[in-house]
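J.: Would you mind keeping the following structure in view while I ask a few things?
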Amino acid sequence: MIRIARTLAIASIAASSAFFLPAAHADALNPDAFVKMCDTDKDGMVSKAEVMKHVEKMFDKMDTKKMGKLDKKQIEEFLKAFNMLAAG
Ligand SMILES: [Ca+2]
């Protein structure tokens, strides 16, 4: 149950791409790097499951206290990591 709630929380964060990709940084996006990072089955495309798996991995890395939640400081690091990923 906790896992489902966590996945939903991640999904809602991921769906709000404005958090990750401010318009000012739109030019810096690197779809090739993103695909390379997330495309685990190497079909050249990124499935929802592949993105979620990657986001979950990033979340777990930031969740240093292993609480299944991120505090404001951890979220800041999470968003930075996601921006770096998207920018390649
Ligand atoms: Ca794929």
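J.: Contact list please: Cβ distance under 8 Å, first residue in the stretch 31-52 and assigned to a helix (DSSP H, G or I), second residue within 6 Å of the ligand (Cβ to nearest atom), pairs at least six apart or on different chains.
T.: So the pair list comes out as Phe34/Val46; Val35/Met45; Val35/Val46; Cys38/Val46; Cys38/Glu50; Glu50/Asp39; Glu50/Asp41.
J.: With the requirement that a residue be more than 7 Å from the ligand (Cβ to nearest atom) and either among the aliphatic types (A, V, I, L, M) or within 17 Å of Ala81 (Cβ to Cβ) (or both), what does the stretch 38-55 give you?
T.: Cys38, Ala49, Val51, Met52, Lys53, His54, Val55
J.: Something else now. Kindly check whether there is at least one residue in the stretch 76-85 that is acidic (Asp, Glu), surrounded by fewer than 16 Cβ atoms within 10 Å (Cβ to Cβ) and assigned to a loop (DSSP other than H, G, I, E, B).
T.: no
J.: Has the stretch 65-72 got any residue that is modelled with pLDDT of 65 or more and either within 16 Å of the ligand (Cβ to nearest atom) or assigned to a helix (DSSP H, G or I) (or both)? Even if it seems obvious, please write down each step before you answer.
T.: So the first thing to find is which residues in the stretch 65-72 are modelled with pLDDT of 65 or more, and the list is 65-72.
From the residues that got through so far, the ones that are either within 16 Å of the ligand (Cβ to nearest atom) or assigned to a helix (DSSP H, G or I) (or both) too are 72.
The answer is yes; a qualifying residue exists.
The values are calculated or read from the model by the stated rules, or taken from the named source; none is laboratory data. This one's a predicted model, so the numbers in the text were calculated from it and none came from an experiment. Note that we place each Cβ from the backbone using ideal geometry, even for glycine, and neighbour counts take in every protein chain shown.
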